[in-house]
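J.: Just dropping this structure here.
The values are calculated or read from the model by the stated rules, or taken from the named source; none is laboratory data. This is a predicted model, so every value here is computed, not measured. So basically every Cβ, Gly included, is an ideal-geometry build from the backbone, and we count neighbours across all protein chains shown. To get the accessible areas, we keep the full protein, side chains included, count just its heavy atoms, and leave off ligands, DNA and RNA. Shrake-Rupley method; radii C 1.70, N 1.55, O 1.52, S 1.80 Å.
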Amino acid sequence: MSARGLLGCDQPLATRYDLALVDLDGVAYRGHEPIDGAAEGLAQARAAGMRLVFVTNNASREPETVAEQLTGLDIPTRADEVMTAAQAAAELLATRVEPGAPVLVVGGAGLHTAVLAKGYRVVTSADDAPVAVVQGFAPDLGWADLAEAAYAVQRGAWHVASNLDLSLPTARGFAPGNGSLVGAVRAATGVDPASAGKPSPTMYRLAVARAGASAPLVVGDRLDTDLAGARAGDMPGLHVLTGVSTARDAVLAAPGERPHYLAADLRALLVPHPEPSLDDGWWVCRGAAARVVDGALDLHGTPTDAVDLVRAACAAAWDAADAGATLDPARVPELG
């Protein structure tokens, strides 16, 4: 695997990799709305032999509920094809806390179910002397819930967060995510929590083990969670440009957040992917070319596939950054 740059693949990704670890919001759907090409791309990837596990930092919902939503969007899914941050948080708990111990759960039904399934006794108050606090997102969490978590952590309970996503994409825009709510408890206690969700590769590794896969591919829309988790887990990552992180974000990505593949949407699972190459100072990808000159990203060409321009731009920007050159973010254009 390339240590820092984009990969090429001379066959469809769906035949090169035996398992896709697919993020949900911004990849398979957006809020409660379908994303163009998602159902088509995933259905044809399955038909080509690729298995799917949907991996989400959302800990509020049961896997069955997630599977029902996907199925309603023409993406037929079983509950055992869903891996949530709640399940990962419960696995993380098990590394330090014995079954039967009292655990304060601050979150939704999915988190309660996952913690109970690992054999813990769920409590609702810091006065119940919990040995750990597990916190995940739920839209109905309030001040009283966060206060109980803070009281317990102040008294020595281990604070485990399902994830640290600061924002949550909704149909109306970006709302505060679990990381923002965890931040309130952190601010009150001064204690940094452990996190089970992406960008930790814990969920990816659990999903791969469950599926018995040998060649997994991470698919996500966020560089700082999905693709950073892929890098942390030494797995190839496909960045689809249907969610949070833009093409320009990919160009400016830190080494630990760089994707291995780029695509407009999930139909990219069905096609080969070109690898940019260096030619006389330009990074070229089919009809597109890019280079960094005096801190500016210089683009050239009119490719048939607009993603090729993004691929060339990423190759040029990453190569320059790795060589110690300065790329002025203000001189990186929006790439559509």
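J.: If only one of 274, 333 is closer than 26 Å to residue 50 by Cα and either in contact (Cβ under 8 Å) with a residue 24 or more places away in the chain or open to solvent by 20 Å² or more (accessible area, probe 1.4 Å) (or both), which one is it?
T.: Among 274, 333, only 274 is closer than 26 Å to residue 50 by Cα and either in contact (Cβ under 8 Å) with a residue 24 or more places away in the chain or open to solvent by 20 Å² or more (accessible area, probe 1.4 Å) (or both).
J.: Further question on the same structure: Just to be sure, is residue 138 modelled with pLDDT under 95, assigned to a loop (DSSP other than H, G, I, E, B) and on the phi < 0 side of the Ramachandran plot?
T.: Judged against the criteria, residue 138 is a match.
J.: Of all residues in the stretch 194-214 being outside any strand (DSSP E or B) and hydroxyl-bearing (Ser, Thr, Tyr), which is least open to solvent (accessible area, probe 1.4 Å)?
T.: Result: 204.
J.: Failed condition for residue 45, given (1) under 28 Å from residue 166 (Cα atoms); (2) open to solvent by less than 10 Å² (accessible area, probe 1.4 Å), with all others met?
T.: Residue 45 satisfies all of (1) under 28 Å from residue 166 (Cα atoms); (2) open to solvent by less than 10 Å² (accessible area, probe 1.4 Å) except (1).
J.: For the stretch 9-110, which fully contained helices (runs of 4 or more DSSP H) count at least 1 residues that are more than 30 Å from residue 285 (Cα to Cα)?
T.: 63-72, 85-93
J.: Then there is this: Taking the residues in the stretch 285-298 that are buried (at least 22 other Cβ atoms within 10 Å of the Cβ) and touching a strand residue (DSSP E or B) at 6+ places or on another chain (Cβ under 6 Å) as candidates, determine which candidate is farthest from residue 324 (Cα to Cα). Explain how you work it out, then say what you get.
T.: From the stretch 285-298, those buried (at least 22 other Cβ atoms within 10 Å of the Cβ) are 285, 288-292, 297; that's our starting set.
Imposing the further condition that a residue be touching a strand residue (DSSP E or B) at 6+ places or on another chain (Cβ under 6 Å) reduces the set to 289-291.
Details: 289: 21, 290: 18, 291: 14 Å.
So the residue we want is 289.
J.: Something else: Restricting the search to the stretch 303-330, which residues are out of contact with any strand residue (DSSP E or B) (no Cβ under 8 Å at 6 or more places or on another chain) and either without any contact (Cβ under 8 Å) to a residue 40 or more places away in the chain or over 17 Å from residue 279 (Cα atoms) (or both)?
T.: Step one: of the stretch 303-330, the residues out of contact with any strand residue (DSSP E or B) (no Cβ under 8 Å at 6 or more places or on another chain) are 304-306, 318, 321-324, 326, 329-330.
Within the stretch 303-330, 304, 305, 306, 321, 322, 323, 324, 326, 329, 330 qualify.
J.: Continuing with the same structure: Please verify whether residue 234 is under 11 Å from the mean Cα position of the chain (by Cα), closer than 27 Å to residue 268 by Cα and open to solvent by 40 Å² or more (accessible area, probe 1.4 Å), treating the condition exactly as stated.
T.: Spelling it out, it is not the case that residue 234 is under 11 Å from the mean Cα position of the chain (by Cα), closer than 27 Å to residue 268 by Cα and open to solvent by 40 Å² or more (accessible area, probe 1.4 Å).
J.: Tally time: how many residues in the stretch 1-19 are out of contact with any helix residue (DSSP H, G or I) (no Cβ under 8 Å at 6 or more places or on another chain) and either of a type in the set (Ser, Thr, Tyr) or modelled with pLDDT under 95 (or both)?
T.: 5
J.: Look at the stretch 315-329 and say how many of its residues are under 10 Å from residue 293 (Cβ atoms), in a helix (DSSP H, G or I) and either among the basic types (Lys, Arg) or open to solvent by 20 Å² or more (accessible area, probe 1.4 Å) (or both).
T.: Qualifying residue count, the stretch 315-329: 0.
J.: Looking at 56, 95 in this structure, which one is of a type in the set (S, T, N, Q), at negative phi and buried (at least 20 other Cβ atoms within 10 Å of the Cβ)?
T.: None of the other options fit; the residue is 56.
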